[in-house]
Amino acid sequence: MADTHQNPHAIMIPYPLQGHVIPSVHLAVKLASNGFTITFINTQWIHHQISKASGAEDIFAEARKSGHDIRYATVSDGLPLGFDRSLNHDQYAESLLHVFSAHVDEAVGEIVKASATPVTCLIADTFYVWTSTIAKKYKLLNMSFWTEPALVLTLYYHLDLLRKNGHFASSDNRDDTIDYIPGVPAIEPTDLMSYLQASNITTVVHRIIYKVFADVKKADFILCNTVQELEPETISALHQKQPTYAIGPIFPANFTKSTVATSMWSELDCIRWLDTKPKGSVLYVSFGSYAHTNKHDIVEIAHGLLLSEMNFVWVLRPDIVSSVDTDFLPVGFEDQVKDRGLIVPWCHQIGVISHPATGGFLTHGGWNSILESVWCSVPLICFPLLTDQFTNRKLVVDDWKIGINLCDRRVVTRDKVVTKIKILMVGKASDELRNEIKKVRKLLENALARDGSSEKNFNQFIRDVKVKIQTR
Ligand SMILES: O=c1ccn([C@@H]2O[C@H](COP(=O)(O)OP(=O)(O)O[C@H]3O[C@H](CO)[C@@H](O)[C@H](O)[C@H]3O)[C@@H](O)[C@H]2O)c(=O)[nH]1
């Protein structure tokens with residue numbers, strides 16, 4: 001009989017952004033199905049968005065029916081529910097930097113005090129600045145959950161080396177190859193995360209980054225939503241510093257139908273439209289949930305899509321330029337597109353890219369989108385906008401050869417869009433990309449198999465946590 005007394009109870013707190021909530025929810029379910037008790041805390045705003053979109057008051061109600069012990073709580077992020085966090089990004093980030101920890105402290109304190117099952121662990125997104133302080137205060141194991149590639153983690157982790165060598169934070173940053181980061185043979189400065197290429201390095205995001213990547217060094221365990229075989233050297237170099245486990249890709253047990261609602265916006269149905277299109281004929285276009293772009297880029301992409309004569313589904317969030325500038329499409333675009341294109345504000349992405357009609361993905365290169373696209377063997381055109389997306393492009397285009405680059409230095413033209421769409425969707429280069437992505441998909445599949453690396457790492461993590469709980 002399993003000794004349930006030894007089962008850890010973890011409080012899990014995802015970063016309050018769509019691309020972080022999704023893998024955190026799936027990790028919570030995976031841990032719970034392996035005997036963990038989970039108390040999952042969303043911010044009230046995230047909860048409000050998801051429940052408005054799905055109607056679910058308790059997002060884990062269905063998962064609990066399978067016998068999982070997942071409790072659900074919410075906490076304020078310090079701002080009113082109606083505050084426009086997309087429009088006022090920096091104010092939101094300041095609140096997460098300075099105010100949120102006080103709310104988390106109170107919520108964690110109450111859960112620790114009230115829980116009959118002793119709380120033993122805190123699993124917080126790596127981008128939080130308070131994890132070690134709160135874990136220490138309540139005597140919890142400190143676990144950091146990283147939702148981007150290990151390469152990105154390691155670059156932030158070694159910010160001191162980048163600084164010392166003049167590739168970051170010098171008045172005139174070096175532009176030669178970076179070849180001194182442990183576990184990273186070589187990377188070009190143009191492939192660094194946007195924040196490390198920026199000229200202003202005192203923004204609120206930078207202040208968060210400086211704190212976060214000092215704090216992560218105090219974590220007992222780091223969990224990464226990546227795959228060991230994809231980034232072997234990087235992961236093993238990180239593991240030499242701290243216990244680091246590549247356990248990805250973290251998907252719902254049923255890939256196309258999660259038991260937990262995670263979408264922050266209502267999903268428009270695209271499936272009936274896709275059903276009318278030939279196999280592999282549709283390009284899916286989406287720039288994720290967070291980054292903004294400008295009107296010029298949207299207009300050029302729109303013209304490119306028209307000129308390419310390709311079928312497409314385009315997710316255009318109303319705030320893609322700004323939530324106060326929602327009139328960004330060229331005049332008459334929707335009429336010209338007719339039945340060839342479907343424009344939606346949000347959709348069930350996994351449903352779209354796993355549909356046989358979808359043959360390519362023009363993406364900003366968010367890490368979840370990349371993993372999902374690989375899983376569906378859909379090759380990519382990368383159009384990075386922010387943060388890790390530049391570094392992710394290097395992995396996709398240069399290292400794994402499963403996608404192509406839209407343009408350098410973000411100069412988008414309609415001609416370039418047409419050319420790249422054609423390369424991606426038809427012909428010899430397209431076939432090669434499809435062959436390569438099938439190989440990477442196989443690698444992911446193997447990692448998730450019973451004796452695969454992610455499954456082994458996950459089980460090792462559970463064993464190590466239990467030992468640490470017993471021995472500390
Ligand atoms: O219409 C849509 C669009 C997206 N999604 C889902 O939303 C997630 C989007 O995640 P991702 O592709 O990673 O993009 P972002 O939302 O931009 O994610 C943020 O978080 C990621 C993980 O940390 C980073 O890699 C990104 O750069 C960062 O912008 C994915 O699971 C998609 O399936 C939908 O369900 N419907």
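Which angle from 0 to 90°, rounded to the nearest 10, does the C-alpha axis of helix 453-471 make with the longest principal axis of the chain?
That helix lies at roughly 20 degrees to the long axis.
Which distance in nm do the two modelled labels at Val99 and Asn435 give, with both placed 7 Å along the Cα-to-Cβ direction?
Inter-label distance under the simple model: 5.6 nm.
For a protection proxy built on the mean count of beta-carbon atoms within 10 angstrom, sort 41-48, 455-462, 338-345 highest first, please.
41-48, 455-462, 338-345
Before I look further, what does the chain give for accessible area per residue, probe 1.4 Å, in whole square angstrom? Could the numbers behind the result be given before it?
On the way: 19550 Å² over 472 residues.
Result: 41 Å² of accessible area for each residue.
Kindly state, to the nearest 0.05, the FRET efficiency for Thr326 paired with Arg163, given R0 = 45 Å and r defined as their beta-carbon distance. Mind dumping the intermediate values first?
Values: r = 40 Å, r/R0 = 0.89.
After rounding, the FRET efficiency stands at 0.65.
Sort 308-319, 405-416 for me by packing, meaning the mean count of neighbouring Cβ atoms within 10 Å per residue, highest on top.
By packing density, highest mean first, the sequence is 308-319, 405-416.
Which pairs, out of Lys136/Lys217; Lys442/Lys466; Lys401/Lys442; Lys65/Lys468; Lys113/Lys241; Lys30/Lys218, put more than 22 Å between their alpha-carbon atoms?
Violating the 22 Å Cα-Cα cut-off are Lys442/Lys466; Lys65/Lys468; Lys113/Lys241; Lys30/Lys218.
Could you check the spin-label model distance between Phe255 and Gln6? Points 7 Å from the Cα along Cα→Cβ, value in nm.
For Phe255 paired with Gln6, the spin-label model returns 3.4 nm.
How much length, in nm to one decimal, is gained on full extension between Gln44 and Gln197, taken as 0.36 nm per residue of separation minus their Cα-Cα distance?
Between Gln44 and Gln197, full extension yields 51.7 nm more.
Which angle between 0 and 90 degrees, to the nearest 10, do you get for helix 295-308 versus the longest principal axis of the chain when only C-alpha atoms count?
Relative to the chain, helix 295-308 is tipped by roughly 60 degrees.
Give me the extension gain from Arg409 to His206: residue separation times 0.36 nm, minus the current Cα-Cα distance, reported in nm with one decimal.
Going from the current span to full extension adds 70.9 nm.
Using R₀ = 56 Å, calculate the FRET efficiency as 1/(1 + (r/R₀)^6) where r is the Cβ-Cβ separation of Ala61 and Glu188; round to 0.05.
Details: r = 48 Å, r/R0 = 0.85.
Plugging the Cβ-Cβ distance into 1/(1 + (r/R0)^6) gives 0.75.
Positive end of the dipole of the stretch 130-236, charges at C-beta (+1 Lys, Arg; -1 Asp, Glu), about the Cα centre: which of His206, Ile181, Ser171 has its Cα farthest in that direction?
Checked the options; the winner is His206.
Can you tell me, using C-alpha contacts under 8 Å and at least 6 residues apart, the relative contact order of the chain as a whole percent? Kindly include the intermediate steps, with their values, before the conclusion.
Numbers: 823 pairs, mean separation 73.3, N = 472.
Answer for the chain is 16 percent.
Probe radius 1.4 Å, ligands and nucleic acids ignored: give me the carbon and sulfur share of the accessible area of the chain as a rounded percent.
That share works out to 52 percent.
If you project the alpha carbons of the chain onto the principal axes, what extent comes out on each, in Å, largest first?
Answer, in whole Å and largest first: 63, 52, 46 Å.
Between Ala114 and Lys466, what FRET efficiency comes out of the Förster formula 1/(1 + (r/R0)^6) with R0 = 22 Å and r the beta carbon distance, rounded to 0.05?
Computed FRET efficiency for Lys466 and Ala114 comes out at 0.40.
Starting with the highest mean, order 298-304, 189-195, 465-471 by the number of other Cβ atoms within 10 Å, averaged over the residues of each peptide.
Values: 298-304: 20.9, 189-195: 18.4, 465-471: 13.9.
Most protected by this proxy first, the peptides run 298-304, 189-195, 465-471.
Let me have the relative contact order for the stretch 271-426, percent, based on Cα pairs under 8 Å that are six or more residues apart.
29 percent
In Å, what is the Rg of the alpha-carbon atoms in the stretch 271-426, and how long is Dmax?
In order Rg, Dmax, the Cα atoms of the stretch 271-426 give 14.2, 40 Å.
What are the ³J(HN,Hα) couplings of the stretch 180-192, residue after residue, when phi is run through the Karplus curve with 6.51, -1.76, 1.60 and θ = phi - 60°? Round to Hz, x for glycine and proline.
Residue by residue, the stretch 180-192 yields 10, 8, x, x, 10, x, 6, 8, 7, x, 6, 9, 6 Hz.
Name the residue from His292, Val426, Leu380 whose Cα lies farthest towards the positive end of the charge dipole of the stretch 271-426, charges +1 on Cβ of Lys and Arg and -1 on Cβ of Asp and Glu.
Going by the charge dipole, the pick is Val426.
Quick one: angle between helix 100-114 and the longest Cα principal axis of the chain, in degrees between 0 and 90, rounded to 10, please.
With both axes taken from Cα atoms, the answer is about 50 degrees.
Extension gain Glu106-Glu229, at 0.36 nm per residue separation less the Cα-Cα distance, in nm?
Taking Glu106 through Glu229 to full extension adds about 40.2 nm, to one decimal.
Quick check: convex hull over the Cα atoms of the stretch 1-159, volume per residue in Å³, rounded to an integer?
Enclosed volume per residue, from the Cα hull, is 134 Å³.
Quick check for me: using +1 on Lys/Arg Cβ and -1 on Asp/Glu Cβ, what's the dipole size of the chain about its Cα centre, in debye to the nearest 20?
Numbers: 47 positive and 51 negative charges, 192 e Å.
Computed charge dipole of the chain: roughly 920 debye.
The values are calculated or read from the model by the stated rules, or taken from the named source; none is laboratory data. Remember, it's a predicted structure, so these values are computed and weren't measured experimentally. When we count neighbours, we look across all protein chains shown, and the Cβ atoms used for this are built from the backbone with ideal geometry, even at glycine. The area values use the complete protein model at the heavy-atom level, side chains included, leaving out ligands, DNA and RNA. Shrake-Rupley method; radii C 1.70, N 1.55, O 1.52, S 1.80 Å.
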